[in-house]
1. Mind checking which helices (runs of 4 or more DSSP H) fall wholly inside region 183-272 and carry at least 2 residues that are in the same structural domain as His288 (by TED's automatic domain parsing) and either at pLDDT 90 or above or over 20 Å from Ser144 (Cα atoms) (or both)?
2. Kindly indicate whether Thr135 is more than 27 Å from Cys179 (Cα to Cα) and not basic (Lys, Arg).
3. In region 138-159, how many residues are buried (at least 23 other Cβ atoms within 10 Å of the Cβ) and touching a His at 6+ places or on another chain (Cβ under 7 Å)?
4. How many residues, within region 309-357, are of a type in the set (Val, Ile, Thr) and in contact with a Ser or Thr (Cβ under 8 Å, 6 or more places away or on another chain)?
5. Can you tell me which residues in region 286-321 are of a type in the set (A, V, I, L, M, F, W, C) and within 14 Å of the chain's Cα centre (by Cα)?
6. Got a number for residues in region 7-37 being touching a Ser or Thr at 6+ places or on another chain (Cβ under 9 Å), at pLDDT 50 or above and surrounded by 15 or more Cβ atoms within 10 Å (Cβ to Cβ)?
7. Any residue at all in region 425-436 that is under 19 Å from His342 (Cβ atoms) and at pLDDT 85 or above?
Amino acid sequence: MTDAPETDGSSERGGKVASSRRRGRRRGVAIRPGSVKQARMQAGLSLGKIAREDISRTAIYFVETGKAKPSLETLQLIAERTGQPVEFFLASGSEVAVPPALQIAELERLLSTGDNAGVAAAADKALSHQPDADTAARIKLLASMAHLRLAEPVVGRRLAAAARAHFESTGNLEMVSECLGNEAQGASLMHDASAVSIAEGALATCRSLRPIPRVVEARLLRVLGHSLVHVSRWDEAIACYEEAIAASDVVQDLQQLSLVYAGLSLAYQETGHVNEGVRYAQKALTIHETLHDRLSQARSMNNIGYMLVRLGRFDAARPHLVRALAIFEELRVETRKGDILHSLADLELAEGNLREASRLAMQALDLGEKLDEGPTVASARTLLGKVAEREGRRDDADREFTAALVAAEPIGGPRLMEVHEAYAELLEARGDLAAANLHLRHAIAAFRPAAPAMLESRIAIA
């Protein structure tokens, strides 16, 4: 068998491209034998579906049979159309250096398909080859989003800050605003009240550009909406989400639209419009299912289940909560799993199953303490206090509520208010009106609009 020619000869279509290639063939890429056909068959595509208008069917056939080596551009097209990374095709020991644009494109492809773990791994590999500063910053920004979606806010925030430092040094304000948006999301997940100011800074930076990049503006409005939810500024959050939808093409991005719906759901439920909240949560869930975003799907299910419990629709709530927990356990994600355990415990308490409510609340408590999730600890302690009171163990109930207040105090805002309100209701039922009124006053004080509140959001990450 003769050696394969240097390139696939894919320049036969398109006059301008063909004429440029006649001046000399570029060096072909050494690929693993059979890899192109394997990828094509796995994707269920014909030669024509791979070729399209960019390259001939004959060229694809020559590459598949080893009669020609593909150019890097051709290999990129094959990778995109078969859904495989470029590395899938490269021969063992190949010294081909993947260009920066191709590295970025591959990370964006993985991110768009929801393969967040794949993005994180590919970014680490790309960074290990020490790319130029601008490429490294763009890789870190994409990796930060992947880590945020994997509920790893510390890593996500750190990577975004590192990327921002580079873009600030080069004066790329659009990328600075993108980085700040990721930092704000990380701050929200970490229950850091600075999330609002960071998000506002990101939006102001974006709006200082001419022309304003509308898609970026829409995304940052959504991030700001989430941050406002965390500090209980519900009406401002709703207005922000509505502006995000109107700002540009955000409605064409299903991932972003689902998160807007999730945010609207939470804001409406907290303003007392629970039915409206359920409606938006269901819209978000439908999109998550379409995108096969299982972690966001689980969070939306928990959100719906939580609201259905509040509406007294216990039978409808249970399947959502059970399925949400199953997804978290299947994916082995612990961050924010306490939200779902607490929702299930709340359901069991509402139905009078005190032993099961206590067991689930203890699981949520253990997880919250392990992960240092203060809101989860406060909620679990509050529920354990309610169970103890129902069982006639008043001393235990008082101890649990005291511990809940200790956990909620550093958080402030609605979390602290909820604990005070629950304790006041319990004390009023006992007939201790003086103590009940004291806790009601504390609840009102905790709900000051300017308080550094950090309500743990049941919203997925962008």
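1. Numbers: elements: 195-207, 214-230, 234-247, 254-270.
Once the helices (runs of 4 or more DSSP H) in region 183-272 are filtered for at least 2 residues that are in the same structural domain as His288 (by TED's automatic domain parsing) and either at pLDDT 90 or above or over 20 Å from Ser144 (Cα atoms) (or both), what remains is 254-270.
2. So Thr135 does not fit the description; no.
3. Number satisfying all stated conditions: 2.
4. 1
5. Narrowing region 286-321 to residues of a type in the set (A, V, I, L, M, F, W, C): 287, 291, 295, 298, 301, 304, 307-309, 311, 314, 316-317, 321.
Scanning region 286-321 gives Ile287, Leu291, Leu295, Ala298.
6. Count: 10.
7. Scanning region 425-436 turns up at least one residue that is under 19 Å from His342 (Cβ atoms) and at pLDDT 85 or above.
Quick grid of which residues meet (1) surrounded by 23 or more Cβ atoms within 10 Å (Cβ to Cβ); (2) touching a residue at least 60 places away in the same chain (Cβ under 8 Å):
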{"position": "Ala298", "(1), (2)": "yes, no"}
{"position": "Asn302", "(1), (2)": "yes, yes"}
{"position": "Phe314", "(1), (2)": "no, no"}
{"position": "His320", "(1), (2)": "yes, no"}
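The values are calculated or read from the model by the stated rules, or taken from the named source; none is laboratory data. Only a predicted model underlies this, so the values are computations on that prediction, with no experimental measurement involved. Positions of Cβ are generated from backbone atoms using ideal geometry, with glycine treated the same way; all protein chains shown enter the neighbour counts.
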